[in-house]
Amino acid sequence: MDQLPFARRVPLLNMSLTFREDSCAARWLSRDEQDYAPGQAVASLHQHIAERWQSEWVASFMGGRAALYAVIRALALQPGDEVLIPAFTCQCVTNAITFNGVIARFVDIEQETLGMNAERMLAAIGPRTRAVLIQYTFGLVCRDLEQLLDVARHRQLWIIEDCAHATGASWQGHLLGTLGDIAFFSSERSKIVNTIHGGWIVTRHPALGKRLMQIQDDAPCPAPEFITRLLHTLRHAYASLHSGSLPTPDVPLLPQMQADELNGLFSPQYQWRMAEPVAELLSLQLARLPEILARRQRGARYWQKWAQKMGLQGPKPRTDAQNGWLRYPLLANEPQALAKSTLETRLNVEAGVWFTTPMHPHPCELPDCPTGMDATRRCVNLPTWLWEAAD
Ligand SMILES: *Cc1c(COP(=O)(O)O)cnc(C)c1O
């Protein structure tokens, strides 16, 4: 490919933010911090989520990692119990499990959709295995989905769906997040919908739902200072996309991960419930979900054709799914960092390297999970929200 396909560099993050979210954040910054407590906006967000995912029980937290932390508690798992997770995930997932004293056991993945390998899952079940986490990596419905669900039901394991990459995606007409016992989602800045940080949970299981309500009601709210920083971070992200001159932020912007959690140390963020301004921002983003997904699907089709033409190894998405396509993953044959920079220069895009270890970014070697390890060395991801004529 000699010519750059995009005149303007395509960013990897924040593309779904519009002036609506920006002005919502600006309005909240002019209000009293006392108004940050969960109220009407959280209630109407929950109603929207309950209707969309046809789930009676909904809870919201300040991140997908906090949502998973609450899921583990709602399942009443005991120290020493095990949750099976794919050997191609991020440290927030392992943290949310191990912070509860529960063991995260890695299971190898398959190469077509980068999801958990069902045969390997069956082999990994032990006497303390209580749950399996089905992760829809890059929003792709797992190649082995049916077998994963069947084995889990047959062996009486709880089924947790990790929909952090897959908000709004579906399989055979069923929304992801409605296939197992309990599911969580993320609105972190790198995900399908963006509130900088945020997450939510849906379940139709009454006993889990009731415990979840208690956990959420007992959960602390973040300090107002955290929310103020979040609102500034969102405004800064929007400005970086839409204006040439970046305002100097009034407060330090929020990082994606805090230093303590990167070191595997407990961080209070894993307990915080969602604050009112974040719920309003999330409602704005979810209202545009069909448009956001259609756009990402167009981007993925573009890369699919391109990969085919270039002879590059892309995923093999299921044809009975509306995949979420958070990113378009390629398995490169040269070292990951080199592949990333070559693609960035050649295509004028910002590329990503999810995941560089099975618990990204924390170093981790798993000789028993060769396919996961191989993906951590070769996977490079392209943005699926591409510039279009109307932009
Ligand atoms: C981002 C992510 C999470 C956690 O979401 P946060 O909102 O960032 O806490 C969980 N699982 C996967 C696979 C993710 O990529």
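The values are calculated or read from the model by the stated rules, or taken from the named source; none is laboratory data. Model, not experiment: these values are computed from the prediction. Virtual Cβ from ideal backbone geometry, glycine too; neighbours counted across all protein chains shown.
Out of 265, 241, 234, one residue alone is surrounded by fewer than 16 Cβ atoms within 10 Å (Cβ to Cβ) and touching a residue at least 60 places away in the same chain (Cβ under 8 Å). It is 241. Just one of the listed residues (319, 357, 384) is over 25 Å from residue 170 (Cβ atoms) and of a type in the set (Val, Ile, Thr), namely 357. Against the test of being farther than 22 Å from residue 85 by Cα, touching a Phe, Trp or Tyr at 6+ places or on another chain (Cβ under 9 Å), within 15 Å of the ligand (Cβ to nearest atom) and not hydrophobic (A, V, I, L, M, F, W, C), the options 165, 197 yield a single qualifying residue, 197. Pairs linking a residue in the stretch 202-224 that is closer than 17 Å to residue 178 by Cα to a residue that is among the polar types (S, T, N, Q), with Cβ atoms under 7 Å and 6 or more positions apart or on different chains, are 202/55; 203/55; 204/55; 209/203; 212/203. If I filter the stretch 106-126 down to residues being of a type in the set (A, V, I, L, M) and closer than 12 Å to residue 88 by Cβ, which single residue comes out as nearest to the chain's Cα centre (by Cα)? For the stretch 106-126, the residue satisfying everything is 114. If I filter the stretch 292-304 for residues that are in contact with a His (Cβ under 9 Å, 6 or more places away or on another chain) and either in a helix (DSSP H, G or I) or under 23 Å from residue 351 (Cβ atoms) (or both), do I get at least one hit? There is no residue in the stretch 292-304 that is in contact with a His (Cβ under 9 Å, 6 or more places away or on another chain) and either in a helix (DSSP H, G or I) or under 23 Å from residue 351 (Cβ atoms) (or both).
Here residue 171 passes the criteria (1) buried (at least 24 other Cβ atoms within 10 Å of the Cβ); (2) within 20 Å of the chain's Cα centre (by Cα) except the one numbered (1).
Being in contact with a strand residue (DSSP E or B) (Cβ under 6 Å, 6 or more places away or on another chain) and modelled with pLDDT of 95 or more is true for just one of 282, 331, 293. Which residue is that?
Of the residues listed, the single one that is in contact with a strand residue (DSSP E or B) (Cβ under 6 Å, 6 or more places away or on another chain) and modelled with pLDDT of 95 or more is 331.
Would you call residue 7 in contact with a His (Cβ under 9 Å, 6 or more places away or on another chain) and either hydroxyl-bearing (Ser, Thr, Tyr) or not in a helix (DSSP H, G or I) (or both)?
No.
The residues on offer are 84, 45, and the sole one that is closer than 22 Å to residue 127 by Cβ, crowded, with 22+ Cβ neighbours inside 10 Å and away from the ligand (no atom under 14 Å from the Cβ) is 84.
Within the stretch 244-262, restricting attention to residues that are among the hydrophobic types (A, V, I, L, M, F, W, C) and assigned to a loop (DSSP other than H, G, I, E, B), the residue that is surrounded by the fewest Cβ atoms within 10 Å (Cβ to Cβ) is 246.
Would you confirm, using the coordinates I've provided, whether residue 212 is away from the ligand (no atom under 16 Å from the Cβ), buried (at least 24 other Cβ atoms within 10 Å of the Cβ) and part of a helix (DSSP H, G or I)? It is true that residue 212 is away from the ligand (no atom under 16 Å from the Cβ), buried (at least 24 other Cβ atoms within 10 Å of the Cβ) and part of a helix (DSSP H, G or I).
If the condition is being away from the ligand (no atom under 16 Å from the Cβ) and among the polar types (S, T, N, Q), then the stretch 48-81 contributes 54, 55, 78. Condition (residue is aromatic (Phe, Trp, Tyr), surrounded by fewer than 16 Cβ atoms within 10 Å (Cβ to Cβ) and either within 13 Å of the ligand (Cβ to nearest atom) or not in a helix (DSSP H, G or I) (or both)) applied to the stretch 182-194: is it met by at least one residue? Within the stretch 182-194, not a single residue is aromatic (Phe, Trp, Tyr), surrounded by fewer than 16 Cβ atoms within 10 Å (Cβ to Cβ) and either within 13 Å of the ligand (Cβ to nearest atom) or not in a helix (DSSP H, G or I) (or both).
If residue 161 passes every condition in (1) outside any loop (DSSP other than H, G, I, E, B); (2) crowded, with 24+ Cβ neighbours inside 10 Å; (3) out of contact with any Gly (no Cβ under 8 Å at 6 or more places or on another chain) but one, which one does it miss? Result: residue 161 passes all but (3).
Of all residues in the stretch 348-391, count the ones that are aliphatic (A, V, I, L, M), within 22 Å of residue 294 (Cα to Cα) and not in a loop (DSSP other than H, G, I, E, B).
Residues meeting the conditions: 2.
Note on the stretch 62-129: enclosed helices (runs of 4 or more DSSP H) holding 3 or more residues that are closer than 24 Å to residue 200 by Cβ are 64-74, 91-98.
Mind checking whether some residue in the stretch 29-48 is under 18 Å from the mean Cα position of the chain (by Cα) and of a type outside the set (D, E, K, R)?
Within the stretch 29-48, none of the residues are under 18 Å from the mean Cα position of the chain (by Cα) and of a type outside the set (D, E, K, R).
The set of residues from the stretch 230-288 being of a type in the set (A, V, I, L, M, F, W, C) and over 24 Å from residue 36 (Cα atoms) comprises 241, 246, 259, 262, 265, 266. Tell me, please, whether a residue that is closer than 28 Å to residue 40 by Cα, of a type in the set (Val, Ile, Thr) and buried (at least 20 other Cβ atoms within 10 Å of the Cβ) can be found in the stretch 273-284. Scanning the stretch 273-284 turns up at least one residue that is closer than 28 Å to residue 40 by Cα, of a type in the set (Val, Ile, Thr) and buried (at least 20 other Cβ atoms within 10 Å of the Cβ).
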